[in-house]
Each structure stands twice: as structure tokens, then as C-alpha cells.
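Colleague: Shown below is the structure under consideration.
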Amino acid sequence: MVCNKCGANLKDGDIYCPSCGAKVDIPAEPASPEQPAAPVVPAVPVQNTGVNFSVPEKKHVTLGGWILRYIINFIPCVGSVAFLVMLFVWSFDESYDDTSRNWAKAQLIMMAISVVVGLIAFFCLRQYFYDVNAIMQYNYYR
């Protein structure tokens with residue numbers, strides 16, 4: 001092969017000319033005739049089986065739905081338990097959209113973090129509150 005720009009001799013497989021640095025135009029190789037063409041398969045008509053293979057639409061949450069989620073949480077005694085149960089339903093039910101599912105999962109994670117931090121704080125500070133209570137009782141009964 002010869003460089004089109006400077007006429008220098010090129011080795012097979014060179015991409016750039018070693019003399020002038022010009023990109024070498026590699027001619028396209030002709031298709032080999034010994035490869036047989038893929039066999040033609042006749043199209044088979046598809047019959048309607050009556051089965052719906054479409055993907056069902058996911059449930060989208062409206063503004064009222066978001067507000068209702070928070071109102072459930074404020075019902076005394078029952079609301080917190082119902083809200084926790086519904087968070088698990090919303091997190092793992094595939095029929096809800098991804099935004100709702102991710103929101104519910106984030107709420108569950110934040111609740112778990114809050115419980116862990118609360119327990120750590122309780123066990124770290126209980127001795128302090130015990131000491132303060134003992135001092136107050138000691139001074140009260142003197």
C-alpha cells in the first residue's frame with residue numbers, strides 16, 4: 001500500500017502514515033462468495049389467542065393520595081400501625097409506580113434509622129438521667 005498524501009510505502013495494517021501522519025484509507029474488503037446466504041423462513045401468521053400480553057399500567061398517586069398518606073399517620077393509636085403496614089404494602093406492591101415505591105422505601109429506612117439512633121441515645125443517656133434522679137431524690141429526702 002502507498003500513502004495517498006505523501007506516497008510513502010505502508011505496511012499492511014497501518015492506520016496512519018509513518019512519514020506524514022495522514023490517516024490511511026483502508027479499502028473495504030469485498031464480501032466473500034463462499035458464505036451462503038441465510039435461509040429464508042416463510043412468515044407464519046399469528047393467530048389471536050385472546051390472551052392480553054400488554055403490561056398493566058401502574059397506579060399513580062394523586063395529590064389527595066399523598067395527603068391521605070400523612071393523615072393516616074396522625075390517627076391516634078391505630079394510625080401509626082396502619083401507616084407502617086401501608087408503607088410495607090406501598091414499598092413491595094409492584095402495581096404502584098416507582099416514585100411511590102421509592103418514597104415508601106425511603107420512609108421505612110428513615111424510620112429504622114430513627115429507631116436505631118433513639119435506642120443508642122437512650123442507652124447512652126440513661127445513666128445520666130438515673131444519676132440526676134438519684135441526686136434529686138437524695139436532696140429531697142434530706
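Colleague: Applying the selection to the stretch 62-82, what residues are under 28 Å from the mean Cα position of the chain (by Cα) and aromatic (Phe, Trp, Tyr)?
Modeller: Scanning the stretch 62-82 gives Trp66, Tyr70.
Colleague: Right, something else. Spot the failing condition for Ile113; the list is (1) hydrophobic (A, V, I, L, M, F, W, C); (2) at pLDDT 90 or above; (3) under 23 Å from Val61 (Cα atoms), and only one is missed.
Modeller: Failing condition for Ile113: (3).
Colleague: Let me ask another. Just checking, which of Phe74, Phe88 is surrounded by 10 or more Cβ atoms within 10 Å (Cβ to Cβ), modelled with pLDDT of 75 or more and aromatic (Phe, Trp, Tyr)?
Modeller: On the way: Phe74 fails: surrounded by 10 or more Cβ atoms within 10 Å (Cβ to Cβ).
Within the list Phe74, Phe88, the selection yields Phe88.
Colleague: Right, next: Cβ-Cβ under 8 Å, sequence separation 6+ or interchain: first residue in the stretch 9-20 and assigned to a strand (DSSP E or B), partner β-branched (Val, Ile, Thr). Which pairs?
Modeller: If the second residue must be β-branched (Val, Ile, Thr), the pairs left are Asn9/Val2; Tyr16/Val24.
The values are calculated or read from the model by the stated rules, or taken from the named source; none is laboratory data. Remember, it's a predicted structure, so these values are computed and weren't measured experimentally. Reconstructed Cβ throughout: ideal geometry from the backbone, glycine too, with neighbour counts over all protein chains shown.
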